[in-house]
1. Looking at B:G132, B:G114, B:G138, B:G121, which is the one that is part of a helix (DSSP H, G or I), within 11 Å of another protein chain (Cβ to nearest Cβ) and either in contact (Cβ under 8 Å) with a residue 24 or more places away in the chain or surrounded by fewer than 18 Cβ atoms within 10 Å (Cβ to Cβ) (or both)?
2. Restricting attention to the range A:66-89, report how many residues are closer than 30 Å to A:R192 by Cα and surrounded by fewer than 19 Cβ atoms within 10 Å (Cβ to Cβ).
3. Any residue that is of a type in the set (G, A, S), assigned to a helix (DSSP H, G or I) and within 14 Å of chain A (Cβ to nearest Cβ) - is there at least one of those in the range B:86-93?
4. Test of understanding: among B:F314, B:F310, which residue is at pLDDT 90 or above, facing another protein chain (nearest Cβ under 10 Å) and within 18 Å of A:I134 (Cα to Cα)?
5. Could you please give the count of residues in the range A:108-160 that are surrounded by fewer than 19 Cβ atoms within 10 Å (Cβ to Cβ) and touching a Phe, Trp or Tyr at 6+ places or on another chain (Cβ under 6 Å)?
6. Picking from B:P259, B:P301, which residue would you name as being touching a strand residue (DSSP E or B) at 6+ places or on another chain (Cβ under 9 Å) and either under 18 Å from B:A208 (Cα atoms) or away from chain A (no Cβ under 12 Å) (or both)?
7. In the range A:217-254, which residue that is in contact (Cβ under 8 Å) with a residue 40 or more places away in the chain, at the interface with another protein chain (Cβ under 9 Å from one of its Cβ atoms) and not in a loop (DSSP other than H, G, I, E, B) is farthest from A:A138 (Cα to Cα)?
8. Suppose we filter the range A:130-151 for residues that are assigned to a helix (DSSP H, G or I), of a type in the set (V, I, T) and more than 8 Å from every other protein chain (Cβ to nearest Cβ); how many remain?
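The values are calculated or read from the model by the stated rules, or taken from the named source; none is laboratory data. A quick note: this is a predicted structure, and the numbers were derived from the prediction, not measured. When we count neighbours, we look across all protein chains shown, and the Cβ atoms used for this are built from the backbone with ideal geometry, even at glycine.
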Amino acid sequence: MDDARISRSGSSPRLWLAGGWLLLALLAAVLAPLIAPQDPLAQDLMLERLPPFWLDGAEPGYWLGTDSLGRDLLSRLIFGGRIAFIVAFAAASAACVVGSALGLIAGYFGGWADRIISRIVDIWMAFPPVLFAILLVAVLGTGLSSVIIAIAVIDWTRFCRVIRAEAMGQARMDYVESARIAGYGRIGIMLREVLPNVLPSIVALLSLEMGIAVIVEAILSFVNLSISTDDPTWGGIIAEGRLSIHQAWWVLVFPLITLILTVLSFSQFGEALKARFDPVLR
Amino acid sequence: MLLQRFLVRLLTMLVTLFGVAVVVFVVIRVAPGDPIAMMLPPGASDDDIARLRALYGLDKTIVQQFFIWLGGVLRGDFGTSISLRQDVLGLVFDRLPATLELATVALLMAVAIGGTAAILGARERGTAFEAGIDIASGTALSIPDFLWGLVLILLFGVLVPVFDISGRVSPQLDLPFVTQFYLVESLLRLRFDLTWDLLKHMLMPAVALALPLAAIIAQLLKQSLKEVLDLDYVVLARVKGFSETQVILREALKNAALPTLTLVGVQFTFLIGGTVIVERLFSYEGLGNMAIDAVINRDLPLIQGIVLVFALLFVLINLAVDMMYALLNPRLRHG
């Protein structure tokens, strides 16, 4: 019970810090056209590789500097957040629904359903995930929906494995037996009794998966396979920054900090939520 | 018992590999875009296109194509790369050693860093030092290898440029190697100047790959060590006058390592999967980097070959870990 108290007392500042950053980034992305100081696509060769505001040679209005085409970095980061959050929510939700459903079925029903689903998970786990993602996007053609589909198709196993194990544990509990004696059907028990008990894990995984989706999208745009090259994406900015690293370090540093904060926040937020909703810890 | 376990695992492994082959084949064949059209100059005649389709077997049904391809694979014939016009297996074997060396160095680093952190954390349990290790490993685990790679490029490639951030070896060097295992061969030939150059290129991608795994080892091994340290026989060793470090190293470690070992196996496959993007990031000439080029060039035979080799590597590692677990676990050994 000591552990429970520690994670419980530790959950609040974590929840607020992580949630605060995510809210800020999300708001910036939603309000991008209103708050971005410049047009994220406007190129100006007179303004190329301007440093961030505290360095000599900075221009007012270009707070984080510009890239090698003279595009405003802050505005590109704000607009890039739109793609990142759309992919995070859509891909993670899709992976969550498919993976949790299959995990529940495999764990609760066992038998043949479990054997088939587990075999598919094994096959999926034998693929290098990044290569699989790149391959799927190459096959589907670049674009927002391809990226979302690719991530969902690959990452449903993360939900499936965890939820299967948890549902298996729940299926052996006394309350499931009593529900059956009380005359509930198997699917009814699975949805009304088992699902609420594995929900904290699903929520935590969902938050974690959103962070992973953001990274995968960044990796795909890094190798130039995400959406059209015109729209700013965090991975695209990083690819640009990797190339001009010796001339303009800020083009790599700021998207990198943004990505790290976002990924850390999603995982911390998930764990804090889990600690909050977990009936045992509560 | 052991043999039976091995045979069952071997069988599931083959089923998994067959599944992987089917999935890759199907995914690639539903791809829009004609790889043949990309190989020919614009304005090629329909006859030429048809002849080339027949040459690559693309005129048959998809099921026929699959079994022709699978039959070839079983004989070691993975086909010919469309973009590089070379034997796929040869290309894969040329690049695989670079990836294996990188992954192995990363694994060794992860075990060294994670193991040290776990032992120190278990020795100083309940102190601020242990809490520090928990925070460090939590952070290392939450940030994926791709981002670690970028952080390292900035820190040690730009801010303090001590390591190389691109390539496998300095291009101006004259390499005497006959195999692709450069690191191993440089050691065998006692050419430590080359070893050093290779390590300078390999260190940062290896650290990027190692950090998340090191964090997992640190967390899990520390937890098992702390559990074992309360058991009677460990208490007895302490009473005998061994220091805490000696107790951990001589008594606790060998019993606490087993659960960690199982997890390290699975995590090692994740590490190898990570080489794909980390190699790209550091322009390291390994299999993963070639895979991304193959996807971009829509080189179907090459992609199939590379994915299968990765999958084979993954299932072999899982098999090896499983067997090691069975050998080391006394309950299974005598069962």
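1. That would be B:G138, the only listed residue that is part of a helix (DSSP H, G or I), within 11 Å of another protein chain (Cβ to nearest Cβ) and either in contact (Cβ under 8 Å) with a residue 24 or more places away in the chain or surrounded by fewer than 18 Cβ atoms within 10 Å (Cβ to Cβ) (or both).
2. 1
3. If we filter the range B:86-93 for residues that are of a type in the set (G, A, S), which is where we start, we get B:90.
Narrowing the set further to residues that are assigned to a helix (DSSP H, G or I) leaves B:90.
Applying the additional criterion that residues be within 14 Å of chain A (Cβ to nearest Cβ) yields none.
Looking for residues that are of a type in the set (G, A, S), assigned to a helix (DSSP H, G or I) and within 14 Å of chain A (Cβ to nearest Cβ), one finds none in the range B:86-93, hence no.
4. Criteria check complete, one pass: B:F310.
5. Residues in the range A:108-160 being surrounded by fewer than 19 Cβ atoms within 10 Å (Cβ to Cβ) and touching a Phe, Trp or Tyr at 6+ places or on another chain (Cβ under 6 Å): 0 in total.
6. The conditions single out B:P301.
7. A:G241
8. Filtering the range A:130-151 for residues assigned to a helix (DSSP H, G or I) gives A:130-140, A:144-151.
Restricting the remaining residues to those that are of a type in the set (V, I, T) gives A:130, A:134, A:137, A:139, A:147-149, A:151.
Within this subset, residues satisfying the condition of being more than 8 Å from every other protein chain (Cβ to nearest Cβ) are A:137, A:147-149, A:151.
Residues that pass the stated criteria total 5.
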